[in-house]
Amino acid sequence: MKSVINWFEIPVADMDRAVKFYEPVMQVALRREKMDCAELAVFPHDDPATGGALAKFDGITPSLQGAIIYLHTDNLAATLDRVASAGGECVFGPLELPRGIGTIALFTDSEGNRVGLHQPA
């Protein structure tokens with residue numbers, strides 16, 4: 001197994017608002033894609049076996065109670081500052097994990113999702 005995560009989707013209600021939140025927070029440009037049944041904003045990724053996107057389609061609703069994905073960051077404090085500047089809120093952490101795993105935090109995004117951040121040690 002190359003990676004535990006091979007794809008993730010963060011549900012959104014308003015794609016423009018979500019893109020305006022995530023691009024400055026994660027300091028990336030998201031690639032917009034439209035399909036018959038879905039609208040995506042894909043995070044940049046080098047490994048074709050691992051990636052993810054913001055996703056808007058029928059039957060999927062942003063939620064604080066769904067699965068938690070953790071996005072990588074090299075500087076957790078700076079990323080949390082950008083979360084706040086973009087209108088999100090840190091709801092847990094930062095918490096330094098044992099055994100040199102790194103530091104994590106959880107935030108709520110512009111769509112009402114709870115999302116994790118992980119800064120490796």
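The values are calculated or read from the model by the stated rules, or taken from the named source; none is laboratory data. Keep in mind that what you see is a predicted model, and the values were worked out from it rather than measured. Counting neighbours? That spans all protein chains shown, and the Cβs are built from the backbone with ideal geometry, glycine included. These accessible areas exclude ligands, DNA and RNA; they are computed on the full protein's heavy atoms, side chains included. Shrake-Rupley method; radii C 1.70, N 1.55, O 1.52, S 1.80 Å.
Can you tell me which residue within segment 75-121, out of those that are among the β-branched types (Val, Ile, Thr) and open to solvent by 60 Å² or more (accessible area, probe 1.4 Å), is farthest from GLY51 (Cα to Cα)?
Let us first name the residues in segment 75-121 that are among the β-branched types (Val, Ile, Thr), namely 79, 83, 91, 101, 103-104, 108, 115.
If we keep only those that are open to solvent by 60 Å² or more (accessible area, probe 1.4 Å) too, we end up with 91, 101.
Numbers: VAL91: 25, ILE101: 22 Å.
Here the residue is VAL91.
Just to be sure I understand, how many residues within segment 32-74 are free of Cβ contacts under 8 Å to residues at least 24 places away in the same chain, open to solvent by 100 Å² or more (accessible area, probe 1.4 Å) and assigned to a strand (DSSP E or B)?
Residues that pass the stated criteria total 2.
For segment 76-92, state whether one or more residues are out of contact with any helix residue (DSSP H, G or I) (no Cβ under 9 Å at 6 or more places or on another chain), at pLDDT 95 or above and closer than 21 Å to ILE5 by Cα.
Yes.
Mind counting the residues in segment 89-110 that are closer than 14 Å to VAL25 by Cα and either out of contact with any Ser or Thr (no Cβ under 9 Å at 6 or more places or on another chain) or basic (Lys, Arg) (or both)?
Residues in segment 89-110 being closer than 14 Å to VAL25 by Cα and either out of contact with any Ser or Thr (no Cβ under 9 Å at 6 or more places or on another chain) or basic (Lys, Arg) (or both): 4 in total.
For the condition at pLDDT 95 or above, closer than 21 Å to VAL4 by Cα and not hydrophobic (A, V, I, L, M, F, W, C), what is the one hit in THR103, THR50?
Matching residue, one of THR103, THR50: THR103.
Does segment 1-10 hold any residues that are open to solvent by 40 Å² or more (accessible area, probe 1.4 Å) and not acidic (Asp, Glu), and which are they?
Within segment 1-10, MET1, LYS2, SER3, VAL4, ILE5, ASN6, TRP7 qualify.
For residues in segment 11-31 being of a type in the set (Val, Ile, Thr) and crowded, with 16+ Cβ neighbours inside 10 Å, which is nearest to GLY88 (Cα to Cα)?
Quick first cut of segment 11-31, residues of a type in the set (Val, Ile, Thr) only: 12, 19, 25, 28.
Checking the rest, the ones that are also crowded, with 16+ Cβ neighbours inside 10 Å come to 12, 19, 25.
Values: VAL12: 14, VAL19: 13, VAL25: 9 Å.
The extreme case among them is VAL25.
When segment 75-103 is examined, which residues are found to be within 27 Å of MET15 (Cβ to Cβ) and part of a strand (DSSP E or B)?
Selection gives GLU89, CYS90, VAL91, PHE92.
For the structure I just gave you, tell me whether ALA13 is closer than 12 Å to SER110 by Cα, aliphatic (A, V, I, L, M) and assigned to a helix (DSSP H, G or I).
no
Mind checking which pairs have a first residue in segment 82-96 that is closer than 13 Å to THR108 by Cβ and a second that is in a helix (DSSP H, G or I), Cβ under 6 Å, 6 or more apart or different chains?
Within 6 Å, the pairs are VAL83/VAL25; ALA86/PHE21; ALA86/PRO24; ALA86/VAL25; CYS90/LEU80.
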